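Worksheet for the structure shown next.
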Amino acid sequence: MEFYSPDSWCEALEIKAGYLDAVPIVGGTDVMVDLNFDRERPDVVLDLTRVLEIQEWEEENGRLRVGAGVTYTRIIAELRDELPGLAMASRTVGSPQIRNRGTVGGNLGTASPAGDALPPLYASDAEVELASTGGTRHVPVTEFVTGPKRNAMRPDELIAAFRIPRAEGPQQYSKIGTRNAMVIAVCAFGLALHPEQGKVGACLGSAAPTPVRAREAEEFIEGVLEWDSRDEIRESALERFGELVGEAASPISDVRSTAAYRTHAAGVLARRTLKWAWDEYRRSE
Ligand SMILES: Cc1cc2nc3c(=O)[nH]c(=O)nc-3n(C[C@H](O)[C@H](O)[C@H](O)COP(=O)(O)OP(=O)(O)OC[C@H]3O[C@@H](n4cnc5c(N)ncnc54)[C@H](O)[C@@H]3O)c2cc1C
């Protein structure tokens, strides 16, 4: 196995262009599992841990550009005010060791429907920045993930960063698993309120082949919420929101859960997180 460890982004892109099959590795918390279980035997591994350019984040005109190599631990510590939904999701990932190594770039690279970083990115209309020696392109995260563990990255590309608006209102993330820590989601839900636009972003994880935006539920609740008077949400509206989120799911039954339980859980998570986020919005008056 050839192992490349460039110390600049330009060099990394050149190596990727020269070895299209090279497997990038950053935290290694997915790649090393595949290697250890012999699921993958790459001829070339491209280690990006020495590339400082992807370990930075910055704010540009109210939007954040977060390098693909920023770890969950840093998102929790440095971006909890700017990206509260993603920070909440990051707290649910693995263990402290996994959060110290694992990155959102790696979560995007793996593109699992259970990836915890993905629902918050979907709920805030994030974009993935892909780069190659030919240039840079930005792809909405909803188009980047194309199927279970499949994404729209070309063989000569690497994930440079993701771009996401700074939170404009309360955000939530909630996850159900078979225990409280070190668990892959049975079902997860990310929610972002955008009070200035009167919009709601709602995304399910682990409930379909890819994370899925619950568009009908979003439209329904946008018509219900009283953004100016901040009235409490009626119980019947919470129920309907939960039902519509459940309808957006197309889950499977597997070792972790039955499809029926996932649909039920989706509705419960949706109702709860909406109530928490709306109560926070009412209190912030
Ligand atoms: C014990 C354990 C618990 C876990 N718990 C969770 C959990 O609770 N929630 C969860 O979502 N995940 C969990 N995971 C999975 C994993 O930690 C995450 O998916 C993590 O985000 C991967 O990041 P990484 O930097 O380690 O990626 P890596 O393993 O380095 O890479 C993952 C994939 O992305 C590609 N890749 C990485 N960076 C780039 C880049 N810049 N450009 C192009 N491709 C790239 C790699 O080639 C590979 O295909 C767990 C893993 C373990 C081992």
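The values are calculated or read from the model by the stated rules, or taken from the named source; none is laboratory data. Source: prediction; values computed, not measured. No Cβ is skipped: glycine too gets one built from the backbone with ideal geometry, and neighbour counts run over all protein chains shown. Areas reflect the complete protein model, heavy atoms only, side chains present, ligands, DNA and RNA absent. Shrake-Rupley method; radii C 1.70, N 1.55, O 1.52, S 1.80 Å.
Pairs linking a residue in segment 98-110 that is farther than 12 Å from Ala68 by Cβ and more than 6 Å from the ligand (Cβ to nearest atom) to a residue that is in a helix (DSSP H, G or I) and of a type outside the set (D, E, K, R), with Cβ atoms under 8 Å and 6 or more positions apart or on different chains, are Arg99/Tyr72; Arg99/Thr73; Arg99/Ile76; Arg99/Ser90; Asn100/Tyr72; Asn100/Thr73. Among the numbered conditions (1) under 22 Å from the mean Cα position of the chain (by Cα); (2) surrounded by fewer than 20 Cβ atoms within 10 Å (Cβ to Cβ), the only one that Val224 does not meet is (1). Could you tell me whether any residue of segment 206-224 is farther than 21 Å from Ala111 by Cα and within 16 Å of the ligand (Cβ to nearest atom)? No, segment 206-224 contains no residue that is farther than 21 Å from Ala111 by Cα and within 16 Å of the ligand (Cβ to nearest atom). Figure legend. Inter-residue proximity from segment 28-43: first residues hydrophobic (A, V, I, L, M, F, W, C), second residues in a loop (DSSP other than H, G, I, E, B) and within 10 Å of the ligand (Cβ to nearest atom), beta-carbon distance below 9 Å, spacing 6+ or different chains. Indicated pairs: Val31/Glu40; Val31/Pro42; Leu35/Gly28; Leu35/Pro42.
Residue-wise test of (1) in contact with a Gly (Cβ under 6 Å, 6 or more places away or on another chain); (2) farther than 23 Å from Gly201 by Cα.
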residue	(1), (2)
Arg63	no, no
Ala68	yes, no
Ile76	no, no
Leu79	no, no
Glu82	no, no
Met88	no, no
Gly94	no, yes
Gly102	yes, yes
Pro113	no, no
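For the residues Arg215, Arg256, the requirement of being in contact (Cβ under 8 Å) with a residue 12 or more places away in the chain, of a type outside the set (A, V, I, L, M, F, W, C) and more than 21 Å from Gly94 (Cα to Cα) singles out Arg215. For Asp7, are the conditions met, namely being in contact with a Lys or Arg (Cβ under 7 Å, 6 or more places away or on another chain) and on the phi < 0 side of the Ramachandran plot? Yes: the conditions hold for Asp7. Listed here are the strands (runs of 3 or more DSSP E) enclosed by segment 85-203 that have at least 2 residues being open to solvent by 30 Å² or more (accessible area, probe 1.4 Å) and touching a Cys at 6+ places or on another chain (Cβ under 9 Å): 171-176. Just one of the numbered conditions (1) touching a strand residue (DSSP E or B) at 6+ places or on another chain (Cβ under 8 Å); (2) within 23 Å of Pro170 (Cα to Cα); (3) near the ligand (Cβ under 7 Å from one of its atoms) is not true of Leu121: (3). For Glu239, the conditions (1) open to solvent by 60 Å² or more (accessible area, probe 1.4 Å); (2) under 26 Å from Glu168 (Cα atoms); (3) assigned to a loop (DSSP other than H, G, I, E, B) are fulfilled apart from (3). Would you call Glu219 in a loop (DSSP other than H, G, I, E, B), of a type outside the set (Gly, Ala, Ser) and surrounded by fewer than 21 Cβ atoms within 10 Å (Cβ to Cβ)? No, not satisfied. Looking only at residues in segment 1-12 that are in a loop (DSSP other than H, G, I, E, B) and open to solvent by 60 Å² or more (accessible area, probe 1.4 Å), the one that is farthest from Thr103 (Cα to Cα) is Met1. Asn61 satisfies every condition listed in (1) modelled with pLDDT of 95 or more; (2) more than 12 Å from the ligand (Cβ to nearest atom) except (1). On inspection, Gly246 passes the criterion of being of a type in the set (Gly, Ala, Ser), part of a helix (DSSP H, G or I) and open to solvent by less than 30 Å² (accessible area, probe 1.4 Å).
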